[in-house]
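First the structure, in the form of C-alpha cells, and then the observations on it.
The values are calculated or read from the model by the stated rules, or taken from the named source; none is laboratory data. Being a predicted model, the structure only gives us computed values, none of them experimental. Backbone-built Cβ (ideal geometry, glycine too); neighbour counts: all protein chains shown.
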Amino acid sequence: MIRIGMIGCGGIARHHLGQLARIEGVEVVALQDPDAEQIKRCVASFPKLASAKVLNTADWKELLALDEVDAVEICTPHTQHGPQALDAIAAKKHVLLEKPMVSNVQEAHTLLTALEGYEKVFALAYQRHSMGQFKLIRDKIASGEMGQVTSLNALQSQSWKNGTAGSWRQDPALSGGGQINDSGSHLVDILLYTTGLTVAQVAAFQDFRGTPVDIDSALSIRFTNGALGNVTVIGDTVVGWHEDISIWCERGAFFYRNGQLTIVDDKNVRTIMDGNNLPGTQNIDENFVGAILGKNDVGAPPLCGLRTIEMTEAAWESAKLGGAPVTMN
C-alpha cells in the first residue's frame with residue numbers, strides 16, 4: 001500500500017484524487033490546506049477520504065512529519081512549489097509536483113541540487129509525457145528517423161483571463177506569472193521534451209490585457225541546433241480551448257491539433273495516428289505510482305522543469321525589454 005498525502009486540496013488536487021481512486025494499492029491518508037472549504041469539497045467528492053487525517057493549516061510541514069505518509073502530491077499555487085518540494089525532499093518522501101516546477105530559474109537550480117543522489121521518486125505533473133501521441137513524436141525524433149528538427153510552430157488559446165479572474169492565478173505573488181507559466185507551461189514543456197531541442201535565444205512580446213500578469217504572449221525562438229520556432233499563447237478570447245503544434249524535420253513533419261496527431265513522411269504520405277498505432281497512455285498518477293513500485297520510469301523528470309522555466313523566464317525578460325532578444329546562458 002502506497003500512502004499519499006495531498007499538499008493543497010483545490011481543483012487540481014481533486015483531479016488527482018479521482019485518478020488515484022482508480023489505482024489499486026493506493027490510499028490517500030492525509031489532506032492539508034489552509035482553506036477548510038477546499039478540504040470539505042475533497043471529502044464530499046471522495047467519501048473514502050473521511051478516514052484521512054485533516055490538517056486545516058498553512059503549515060505543510062505538519063503533513064510531511066507524518067510517518068504514515070510515504071508520498072506527497074503538491075497541488076498548490078506556483079510560488080509555493082519550490083519551498084514545499086525542498087521540504088518534501090528533506091522529509092524523504094516520494095514527490096509528485098504540479099506544474100510549473102518553480103517560478104524562476106534560480107529556484108530550479110536549487111531544487112535540482114537538492115535532488116542529487118535522492119533515492120525517492122520525484123516527478124512533475126506534466127501528464128503529456130505519458131500520452132501516446134507525444135511519446136511517439138519523441139521516440140521518432142530521438143531515433144533519428146525523421147532527421148534533425150528544423151522548425152516548429154505552436155499555438156494555445158483558451159479563455160484563461162476570464163476563467164482565472166479573481167483567483168490566485170492572477171496574483172503574481174502566488175502565481176509567479178500569467179498564462180505562459182500556467183497552462184502555457186504545458187505547451188513550452190512538451191515542445192522541448194518531444195524535440196529534445198535546447199533554446200539559444202528568445203524574443204517575446206506580451207500583453208497583460210489589463211491584469212497584473214501576462215495573458216497573451218508571442219515568442220520567436222532560435223534553438224542551439226539552428227532550428228527556428230514560434231510559440232503563441234492566447235489567454236483573452238471567448239473561444240474555448242484550441243491547440244495546434246507543428247514540428248518540421250529534415251525527413252517529414254508532425255502535426256498535432258486538439259488531440260489528433262498526423263505524421264507526414266519524406267514521400268509526403270500523411271498518416272493519422274489513432275489508438276491502434278500509438279504507444280500506450282498513462283495518466284500522471286498512474287505513472288507516479290508505477291515509478292514508486294519500479295514498474296516504469298518517471299514520465300516527467302525535474303530537468304524538464306528547469307528547461308521550461310528557462311525559456312519562460314527568457315520570454316518575460318525579453319517582453320520587459322520591448323521584444324529585444326535574450327540569449328540563454
- Message: I'd like the full set of residues that are more than 27 Å from ALA114 (Cβ to Cβ) and in a helix (DSSP H, G or I), limited to segment 296-322.
- Response: SER318, ALA319, LYS320
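If you scan segment 179-213, which residues turn out to be more than 14 Å from the chain's Cα centre (by Cα) and not in a strand (DSSP E or B)?
Applying the first criterion (more than 14 Å from the chain's Cα centre (by Cα)) to segment 179-213 yields 195-213.
Hits for segment 179-213 are THR195, GLY196, LEU197, THR198, PHE208, ARG209, GLY210, THR211, PRO212, VAL213.
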- Message: With the structure loaded, tell me whether ARG3 is in contact (Cβ under 8 Å) with a residue 12 or more places away in the chain, of a type in the set (Lys, Arg), touching a Lys or Arg at 6+ places or on another chain (Cβ under 8 Å) and outside any loop (DSSP other than H, G, I, E, B) or whether it fails that test.
- Response: no
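Here is a check on your reading of the model: is GLY18 exposed (fewer than 15 other Cβ atoms within 10 Å of the Cβ), at negative phi, within 24 Å of the chain's Cα centre (by Cα) and outside any loop (DSSP other than H, G, I, E, B)?
Numbers: exposed (fewer than 15 other Cβ atoms within 10 Å of the Cβ): yes; at negative phi: yes; within 24 Å of the chain's Cα centre (by Cα): yes; outside any loop (DSSP other than H, G, I, E, B): yes.
Yes.
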- Message: Filter segment 72-92 down to the residues that are surrounded by fewer than 21 Cβ atoms within 10 Å (Cβ to Cβ) and closer than 23 Å to ASP297 by Cβ and list them by number.
- Response: ILE89, LYS92
- Item | Cross-chain or 6+ apart pairs with Cβ under 9 Å, segment 146-165 first and of a type in the set (D, E, K, R), then part of a strand (DSSP E or B) | LYS161/ASP216
- Residues (in a helix (DSSP H, G or I) and either more than 21 Å from LEU306 (Cα to Cα) or aromatic (Phe, Trp, Tyr) (or both)) located in segment 64-94: LEU64
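Having 3 or more residues that are of a type in the set (Val, Ile, Thr), assigned by TED's automatic domain parsing to the domain that holds GLN179 and buried (at least 18 other Cβ atoms within 10 Å of the Cβ) is the bar; report the strands (runs of 3 or more DSSP E) wholly within segment 214-295 that clear it.
Values: elements: 216-223, 228-234, 242-249, 252-257, 260-264, 270-273.
Those strands (runs of 3 or more DSSP E) span 228-234.
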- Item | Residue, farthest from THR113 (Cα to Cα), within segment 35-63, restricted to residues that are assigned to a helix (DSSP H, G or I) and of a type in the set (A, V, I, L, M, F, W, C) | ALA44
